[in-house]
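These notes concern the structure reproduced below.
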Amino acid sequence: MSDTNSSLLQICDLSVAFGKGTEFSTILESVSLDITAGEKVALVGESGSGKSVTALSLLQLHDRTQTHYLSGSIRFHGKEMLNAPEAVMRQLRGSEIGMIFQEPMVALNPLYPIGDQLIEPLMLHEGLDRQAAKRHGIELLARVGINQPEQRFTAYPHMLSGGERQRVMIAMALSCHPRLLIADEPTTALDVTIQQQILLLLNELQRETGMAVLLITHDLNMVRHFADRVYVMQGGRVVESNDVEQLFSAPNHEYTRKLLASEPERSISVNEEKQISTRDPFLTGHDITCHFSIKSGLWQRHKEEIKAVETVDLTLRRGETLGIVGESGSGKSTLGMCLLRLQSCQGEITFDGARLDAMNPRQLRPLRRHFQVVFQDPFSSLSPRLNIGQIIGEGLALHFPEFDAEQRRARIVSVMEEVGLSESMLTRYPHEFSGGQRQRIAIARAVVLEPRLLLLDEPTSALDVSVQKQVLELLRSLQQRHGMAYIFISHDLKVIRAMAHRVMVMKHGQVVEEGETERLFEQPEHPYTKALLEAALFREMRTDKTGTV
Amino acid sequence: MSAPLNSSFLNARAWQRFRANRRGYYSLWIFVFLFVLSLFAEVLSNNKPLIVHYEGHWYFPVAVSYAETVFKGDFDTEADYLDPYVRGRITSGNNWAIYPPNPYSYDTINYYAESPNPAAPSARNYLGTDDRGRDVLARLIYGFRISVLFAFVLTAVTTFLGLLAGAIQGYFGGRTDLIGQRITEVWGSLPTLYLLIILSSIFSPSIALLILLLSIFGWMHMADYVRAEFLKGRSMDYVRAAKALGLSNQVIMWRHLLPNAMTPVITFLPFELSGAILALTSLDFLGLGVPPSTPSLGELLAQGKENIEAWWLSMTTFIVLVGTLVLLIFIGEALRESLDTRRG
């Protein structure tokens, strides 16, 4: 940026290609990026935009036999790092440049205590002996907010929660006082309240140590809260670089504008809400309880109970969307599976006057067309060896045996068009489609049966923001056309606020609060709801300040 | 119901990868060629001529049995075409006969041989004879065929049983799985060889009996792999979605789980085949296998052991056996690599 500050990292015109032999595809195209000492820079883009590749190129962590650096240079402190010998890079990694990865679950070796893993770089780079390294390690653990650091020093990774593991990762990255910290989606795998804590911690540590931070994320709100400067990437190119204030108030590039506009918006009118609230419920659940028992001990006798769902009551009206919010492990998905009798549970489930819980699987089968489900992961929810026509047509053949092949095909095609797919895709296979398209296929598979209830289990959390908005709009329009009721399960409060008529907040298997969406968001009563909202809204504080949105 | 293994893009890619592995690809062709050739063993190696033209009439001794009197011989029994007298009758004057390339069948005893048995390779018997005067080449050709056919049938039966048992255990899980696993373990720890020895002394040995015995003890490890695939598959979202659609368990297992569990099954087929060939050979070698008149590689090996100086017995059988197993293992290797989706 400016010449007055010392430039810490300079990436100039970097192009990278992956592949073997003569066949390779270009992943990065002349990417340029600058980081000055002590600066907080964010690299934003959707999946496949090349943001992680850029970070890994910095540390030269790619498989060298499959990676080709076509052009450009990477200078750290004026020293060229591109194609630097492995020994030089090893010196830089961990000591000058620290890195935090997205998945704290897999970034730590499960076979070693966290302490051993933490002091490894200290002994390697700082030349400390074991005792000194341990003292320093415990200090670090305390610094990143781990309770009882002396005891936790010998704990194994599985004994820590996701948030604690990410804290350990941060401690590891900071152990040798790096001048640059690369954080690759550091909070994506974490719950919203933990996300907030981790981000605050990073912010604090940055201020304290004066290191530069390169934050890689797809989350615009996080960028707005954290970064000084932003690079926006799309398709392997940097399309815009700007100050954070300017980027959000006056984005230059069309793609940035699109990204900013892809925040989900509430499209439910007060009128609609009123109308729905007068209808009679068609689905009621009473005292739904689901416990999992864990057997342990020598004779598998000692039983521990996990109360996944604990005496939950709910009702659903025609055309209504009930949002279920909660953090991971709160039992929201299990509750959904219980309602559809895909998970055994206790309690009464009444659907149109019929007691679902009293039916055996055979009796239940013909009713199944009335309640369908769309899952989170569009990659595992479609059978990889069936084509799209077979996937969508499967339920039709079962529940509408009166249709002949021609009618069935017509039905499939009309549903495909309704969800925004074309007829030519009928004979193609799931792996040929993108995540968003796959989710449309999964929706088509459910909607073709004209169900009365659709269970949406995190339907958009695996998708990019711009695709997420399209899918949400599709779901809204389908609901208005067919009058389906949705149970919308999500951890994302924004999505819930945009989609739901009513919201239930779950924690540890219990419903802590329930109410009309707007009322609940404006005046939460339960402290947990307040904490949840605060964690999500905390990122919007600067939104209000800058006056956008 | 449509076939679970419809030729999709995935399979086309796998075939491409298989072809790219030259060793496995050529091995497949060589194996198929040899096997198809051995299916025509009666035409290649037989003591009966293919066609005889005798006094203006056509005869087909390979297919039809003719009495020696037809060719103006003395006996009413079937003509022995290796008998110089008969041979002379059907090849003299205007008469002619086309003999197969190797004029012996697996059980032909050459009563007109000039050297004592086992006879070393010569122009008469290309690979010599065994200790009963039977042509080694003929026995190898028929022995190869019977081994491969045996392996095909045994593999088909064990794979079917393994799929069935593994699918049921893996899909239903829980108590079914627990009980199934324990039964499999008890079953698998039975001493197969002793049982075979006992049973072969009770029943008269036959190929069908061998297939029956080996298949009821041979399905367990296939079941393990299929069970693991089904266990993994049943928790996938597409299986839950299929349940939500209201599909029955059989349909889910057949259409959603089986196609995805086929990869280990297909990968194991060549190894199963080679294992079956080896099993048959070892049992024959021990004298517990097929009835003595049946051409078998194991029996030839046993003869080679008895007549250690007759190198042509053990050497040739060894080459055929090792050649077959190596081909199958190369094919298996290529198949395993081609079905590995992690490779581009």
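The values are calculated or read from the model by the stated rules, or taken from the named source; none is laboratory data. Everything quoted here is computed from the prediction, not taken from an experiment. Here the Cβ positions follow ideal geometry from the backbone for every residue, glycine too, while neighbour counts run over all protein chains shown.
Listing for the model above:
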item: Single residue of A:V312, A:V325, A:V373 found to be within 11 Å of chain B (Cβ to nearest Cβ) and touching a strand residue (DSSP E or B) at 6+ places or on another chain (Cβ under 7 Å); result: A:V373
item: Region A:234-278: number of residues that are touching a Phe, Trp or Tyr at 6+ places or on another chain (Cβ under 9 Å) and acidic (D, E); result: 1
item: Number of the condition not met by A:L453 [criteria: (1) at pLDDT below 90; (2) buried (at least 20 other Cβ atoms within 10 Å of the Cβ); (3) over 23 Å from the mean Cα position of the chain (by Cα)]; result: (1)
item: Per-region count, region A:260-278, residues loosely packed, with under 13 Cβ neighbours inside 10 Å and among the charged types (D, E, K, R); result: 1
item: Test: A:I97 is among the β-branched types (V, I, T) and over 27 Å from the mean Cα position of the chain (by Cα); result: no
item: Filter pass, A:P251 being assigned to a loop (DSSP other than H, G, I, E, B), within 15 Å of A:I97 (Cα to Cα) and not polar (S, T, N, Q); result: no
item: Residue in region B:236-253 that is nearest to A:S381 (Cα to Cα), counting only those that are hydrophobic (A, V, I, L, M, F, W, C) and not in a helix (DSSP H, G or I); result: B:M236
item: A:E348 vs. criteria more than 12 Å from every other protein chain (Cβ to nearest Cβ), in contact with a helix residue (DSSP H, G or I) (Cβ under 7 Å, 6 or more places away or on another chain) and acidic (D, E); result: yes
item: Residue count for region A:300-320, restricted to those that are crowded, with 17+ Cβ neighbours inside 10 Å and either free of Cβ contacts under 8 Å to residues at least 12 places away in the same chain or closer than 21 Å to A:L367 by Cα (or both); result: 5
item: Test: residue in region A:410-426 that is surrounded by fewer than 18 Cβ atoms within 10 Å (Cβ to Cβ), within 14 Å of another protein chain (Cβ to nearest Cβ), within 26 Å of the chain's Cα centre (by Cα) and in contact (Cβ under 8 Å) with a residue 24 or more places away in the chain; result: no
item: Search result, residues across region A:377-392 that are within 29 Å of the chain's Cα centre (by Cα) and within 8 Å of chain B (Cβ to nearest Cβ); result: A:D377, A:S380, A:S381, A:L382, A:S383, A:P384, A:R385, A:L386, A:N387
item: Some residue of region A:331-345 being polar (S, T, N, Q), in contact with a helix residue (DSSP H, G or I) (Cβ under 9 Å, 6 or more places away or on another chain), surrounded by 17 or more Cβ atoms within 10 Å (Cβ to Cβ) and in a strand (DSSP E or B); result: no
item: Total residues in region B:92-108, condition surrounded by 15 or more Cβ atoms within 10 Å (Cβ to Cβ) and of a type in the set (V, I, T); result: 1
item: Region A:133-165 - residue that is in a helix (DSSP H, G or I) and among the aliphatic types (A, V, I, L, M) and, of those, farthest from A:D191 (Cα to Cα); result: A:A133
item: Residue under evaluation B:F172, criteria (1) more than 25 Å from the chain's Cα centre (by Cα); (2) under 30 Å from B:A334 (Cα atoms); (3) within 14 Å of another protein chain (Cβ to nearest Cβ), criterion not met; result: (2)
item: Residue list for region A:498-509, filter: assigned to a strand (DSSP E or B) and more than 11 Å from A:G329 (Cα to Cα); result: A:R502, A:V503, A:M504, A:V505
item: Sole residue being surrounded by 22 or more Cβ atoms within 10 Å (Cβ to Cβ), hydrophobic (A, V, I, L, M, F, W, C), assigned by TED's automatic domain parsing to the domain that holds A:S57 and without any contact (Cβ under 8 Å) to a residue 40 or more places away in the chain, chosen from A:I216, A:I198; result: A:I198
item: Residue within region A:376-396 that is part of a helix (DSSP H, G or I), closer than 19 Å to A:E310 by Cα and touching a residue at least 24 places away in the same chain (Cβ under 8 Å) present; result: no
item: Selection count, region A:359-368, where residues are hydrophobic (A, V, I, L, M, F, W, C) and either loosely packed, with under 11 Cβ neighbours inside 10 Å or within 11 Å of chain B (Cβ to nearest Cβ) (or both); result: 2
item: Residues that are surrounded by fewer than 13 Cβ atoms within 10 Å (Cβ to Cβ), of a type in the set (V, I, T) and within 26 Å of the chain's Cα centre (by Cα), drawn from region B:26-82; result: B:V32, B:V36, B:V43
item: Residues being of a type in the set (A, V, I, L, M), part of a helix (DSSP H, G or I) and in contact (Cβ under 8 Å) with a residue 60 or more places away in the chain - total across region B:283-321; result: 5
item: Which listed residue is in contact with a strand residue (DSSP E or B) (Cβ under 7 Å, 6 or more places away or on another chain), at pLDDT 85 or above, among the aliphatic types (A, V, I, L, M) and not in a loop (DSSP other than H, G, I, E, B), from B:I141, B:I146; result: B:I141
item: Where A:F282 falls short, out of the listed (1) closer than 17 Å to A:R224 by Cβ; (2) in a strand (DSSP E or B); result: (1)
item: Unique match (being in the same structural domain as A:V213 (by TED's automatic domain parsing), out of contact with any helix residue (DSSP H, G or I) (no Cβ under 9 Å at 6 or more places or on another chain), modelled with pLDDT under 85 and not aromatic (F, W, Y)) among A:E39, A:E46, A:E29, A:E23; result: A:E23
item: Residue list for region B:84-113, restricted to those being out of contact with any Lys or Arg (no Cβ under 8 Å at 6 or more places or on another chain), among the charged types (D, E, K, R) and under 30 Å from B:G304 (Cβ atoms); result: none
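Conditions tested, residue by residue: (1) within 14 Å of chain A (Cβ to nearest Cβ); (2) in contact with a strand residue (DSSP E or B) (Cβ under 7 Å, 6 or more places away or on another chain); (3) of a type in the set (A, V, I, L, M); (4) part of a helix (DSSP H, G or I).
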| site | (1), (2), (3), (4) |
| --- | --- |
| B:A156 | no, no, yes, yes |
| B:Y194 | no, no, no, yes |
| B:S204 | no, no, no, no |
| B:L210 | no, no, yes, yes |
| B:S215 | no, no, no, yes |
| B:R255 | yes, no, no, yes |
| B:L258 | yes, no, yes, yes |
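Here's the yes/no breakdown for (1) more than 8 Å from chain A (Cβ to nearest Cβ); (2) surrounded by 21 or more Cβ atoms within 10 Å (Cβ to Cβ):
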{"residue": "B:L245", "(1), (2)": "no, yes"}
{"residue": "B:I252", "(1), (2)": "yes, yes"}
{"residue": "B:P264", "(1), (2)": "yes, no"}
{"residue": "B:A276", "(1), (2)": "yes, yes"}
